[in-house]
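Asker: Below you will find the structure I want to go over with you.
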Amino acid sequence: MTRPAAAKLAAISSTLRKLDAERAAQLVATASDLALVLDGNGMVLEVLSNDRELRKAGTRDWRGRRWGDVVNDDSRDKVAEMLRDAQVSAPIAPRWRQVNLLVKGSPDLPLLFAATLASTPSDDVAERQVVAFGRDLRPNVDLQRRLIDAQQSMERDHWRFREAETRYRSLFQATDDAVLIVDGADLKVTEANPASLALCHAIKSKVVGATLASLFDAAAAEPLQALLAAARSVGKHEELSAPLAGGGPMVSVSATLFRQDQAAFLMVRLAPQIERGSLRAGAAAGSAAGDTSGGQAMLGAFLRSAADGLVFTDAQGRIVAANRAFALLAQLSTEERARGEPLDRWLGRTGVEIGVLISNLRERGAVGLYTTELRGELGATAEVEISASRLEPSGDASYAFAVRDIGRRLRPDESKLPTKVPQSVKQLTELVGRVPLKDIVAESSELIEQLSIETALQMTHDNRALAAQLLGLSRQSLYVKLRRYGLGDLPGSDAQ
């Protein structure tokens with residue numbers, strides 16, 4: 001041993017000799033979070049700690065027990081090894097080992113221990129004293145647990161994003177609409193779905209990587225730039241009609257702005273403008289017959305631009321053609337989105353209402369001023385009035401519907417409305433405290449049932465078959481209720 005090292009040990013030894021038992025215990029407790037004083041057999045003689053939480057954990061109860069009995073099964077071999085290494089004749093540097101201590105009513109207490117011999121080596125194992133210094137690992141364990149939770153959360157988000165991307169890719173590739181994704185900075189096409197590639201087949205150059213303006217005829221450059229500028233500033237813009245380059249078809253162009261990773265992109269939709277459907281049938285028939293007056297063409301133009309929604313359906317109620325006004329009411333981007341869809345997807349309060357209406361059209365040929373509800377694609381609803389007629393054999397269309405929004409129509413003066421309902425409700429409330437609740441409920445149920453039947457008859461213009469459909473009743477049940485409440489003039493036989 002070198003002279004400086006010997007001098008240092010002598011100074012430490014001199015200092016430790018001056019410590020009494022209480023000061024020595026305080027020194028050991030300060031040097032660690034938890035210290036165990038053991039005999040050579042591993043029996044716990046004393047537990048020293050300045051940490052209140054560790055003292056409250058029941059560590060004082062370990063005195064008089066073996067160290068190996070207060071740890072879990074995985075730590076017993078580590079305890080035995082540390083005790084053996086601490087008592088060897090040639091002292092070695094102690095190794096730090098993690099030991100999980102058993103605590104009543106709480107999870108295992110993780111500590112990092114190192115054991116060293118604190119007494120003079122003796123042949124009597126019971127007279128040897130070993131001090132095990134422990135460092136609390138709970139902050140590290142909590143940090144590791146939070147790290148694992150953060151990793152698992154990141155993995156869940158990663159897979160959620162992957163699933164969303166898969167759904168987006170599938171929809172993007174499978175949709176029949178031609179869609180281009182354009183970089184908002186340089187206006188270059190970054191993605192194009194198969195429908196857009198098929199639409200732009202006349203263009204010799206590649207679509208992906210080309211500027212959006214290069215896909216269109218040179219004459220459309222200026223209005224196209226204006227559309228894109230408006231889309232980038234306000235997020236969306238009205239549609240623009242422009243021909244594709246290379247002699248391609250005329251298409252309707254619409255652009256919507258969205259952001260991704262702090263970058264702006266434009267979703268550009270291309271819809272071919274094809275003259276088809278019953279809205280053009282009049283003009284086509286006029287041209288085939290050599291009509292030079294232009295009357296049929298003007299009729300077709302009126303149908304396309306009419307303020308009321310106009311819809312033509314086949315015999316099953318599927319839409320063959322619709323005008324722009326109906327697309328606006330149904331919250332559709334274009335009229336073509338309605339083609340092939342059932343009319344009751346947007347019209348009617350119940351699933352059977354349009355079916356009953358078509359049945360009446362087959363029998364009577366026309367229905368007027370029928371009030372119902374229209375549900376928009378984005379969730380908005382509007383009260384509408386329908387006039388419908390059966391068409392003569394004319395291509396694919398069998399029925400024509402005119403749909404008018406009456407939500408803003410002035411309502412009749414409320415002072416002139418029947419006062420039966422408010423008076424009845426008032427009478428019911430006056431019964432509280434005088435009549436049992438079950439009797440009030442029974443009377444209110446009959447009142448609601450009577451008012452519902454009256455409303456259904458008014459909506460269907462006294463068409464009892466349709467009223468029964470709206471109320472979800474059989475016709476015979478409706479007649480029974482009509483007789484009960486004295487509604488309508490019922491003949492001896494059940495006629496409509």
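Asker: Across the stretch 217-241, which residue is surrounded by the most Cβ atoms within 10 Å (Cβ to Cβ) among those that are closer than 24 Å to E335 by Cα and touching a Pro at 6+ places or on another chain (Cβ under 7 Å)?
Answerer: That would be A220.
Asker: Pick from the stretch 454-470 the residues that are part of a helix (DSSP H, G or I) and touching a Gly at 6+ places or on another chain (Cβ under 9 Å): which of them is nearest to Y370 (Cα to Cα)? Let's see the steps before the verdict.
Answerer: Step one: list which residues in the stretch 454-470 are part of a helix (DSSP H, G or I), which gives 454-459, 464-470.
The next check asks that each one be touching a Gly at 6+ places or on another chain (Cβ under 9 Å); those that pass are 457, 464, 469.
Working: L457: 12, R464: 15, Q469: 15 Å.
Checking each candidate, the answer is L457.
Asker: Where residues in the stretch 460-489 are closer than 16 Å to S359 by Cβ and buried (at least 18 other Cβ atoms within 10 Å of the Cβ), which of them is modelled with the lowest pLDDT? Full working, then the answer.
Answerer: Filtering the stretch 460-489 down to residues closer than 16 Å to S359 by Cβ leaves 460-461, 463-470, 475.
Now restrict to residues that are buried (at least 18 other Cβ atoms within 10 Å of the Cβ): 460, 463-464, 466-470.
Details: T460: 76, N463: 82, R464: 85, L466: 79, A467: 83, A468: 83, Q469: 80, L470: 79.
The extreme case among them is T460.
Asker: Which ones in the stretch 332-377 are in a loop (DSSP other than H, G, I, E, B) and in contact (Cβ under 8 Å) with a residue 24 or more places away in the chain? Working first, answer last.
Answerer: Filtering the stretch 332-377 down to residues in a loop (DSSP other than H, G, I, E, B) leaves 332-334, 339-341, 346, 348-352, 365, 376-377.
If the condition is that a residue be in a loop (DSSP other than H, G, I, E, B) and in contact (Cβ under 8 Å) with a residue 24 or more places away in the chain, then L332, S333, T334, R339, W346, G348, R349, T350, V352, G365, G376, E377 are the ones that fit.
The values are calculated or read from the model by the stated rules, or taken from the named source; none is laboratory data. Nothing here was measured: the structure is a model prediction, and the numbers come from that model. Heads up, the Cβs are rebuilt from the backbone with ideal geometry, glycines too, and the neighbour counts pull from every protein chain shown.
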